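Each remark here refers to the structure printed beneath this line.
The values are calculated or read from the model by the stated rules, or taken from the named source; none is laboratory data. Note that the structure is predicted; figures quoted are calculated from it, not measured. Counting neighbours? That spans all protein chains shown, and the Cβs are built from the backbone with ideal geometry, glycine included. Heads up: the accessible areas ignore ligands, DNA and RNA and are worked out on the full protein's heavy atoms, side chains in. Shrake-Rupley method; radii C 1.70, N 1.55, O 1.52, S 1.80 Å.
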Amino acid sequence: DLGNILNKNVIASFEKTGVYLEYADTRILNNVINGKFGMDPNANAIEVKFLGDRNGDFTNEISGNKIYDIPWQGITVKNCLSKKNAPAQKSSFVIANNMIAGGFTTPGATTSGINLNTCLGISIINNTVLMDAPRTSSTSINATVARCLTVGSTNTDIEAFNNILYSTNGAIALEYYTKTKGGGRAPNNGLTASENNLYYTTYPSKTVSYTH
């Protein structure tokens, strides 16, 4: 599909997923997506799968959306492809200028504002994520807390620029994987570029604030 646009909608009071796309290349722009009451604990606002291509013929964009009061994940992107448009820091699949404004209710390491799984060449630019999911432990800092942005080991050539990743409950601001390409078949290399992001997380008396 080419030229699809989902624009300026208010999507609320759903059980599992506000916007779900599979094999349907689309621009998701300027929507308000919110929920909370009566929702599945693993509900997300936007979930897309199998979009894009390596040649850049299909343009996909998730931009300008306001997301809040979602239990589990704000934006979930799985098995999507893109082409980097060098030298610009932008690809044919962009996640940009979204405001994910908290209200998460499901504790655990898979809860996240933006989550990428088995993707290639995605650009994550100018997003703001507030992660306030409850903690499984109120007395310790550990890896079971939520994440603002997750770029795991199944991803390749992901870039993140100018994002604000903020937590009021001790979440991990950025979980990422990166690996240098070696000889033979190149492994997934995860997050390959990350610049001018602001990470801030606070919990009881422990505060970390830095840019990268």
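Only a single item in (1) farther than 22 Å from Gly56 by Cα; (2) open to solvent by less than 10 Å² (accessible area, probe 1.4 Å) is not met by Arg147, and it is number (2). Just to be sure, is Ala173 at pLDDT below 95, within 14 Å of the chain's Cα centre (by Cα) and either buried (at least 22 other Cβ atoms within 10 Å of the Cβ) or assigned to a loop (DSSP other than H, G, I, E, B) (or both)? Spelling it out, Ala173 is indeed at pLDDT below 95, within 14 Å of the chain's Cα centre (by Cα) and either buried (at least 22 other Cβ atoms within 10 Å of the Cβ) or assigned to a loop (DSSP other than H, G, I, E, B) (or both).
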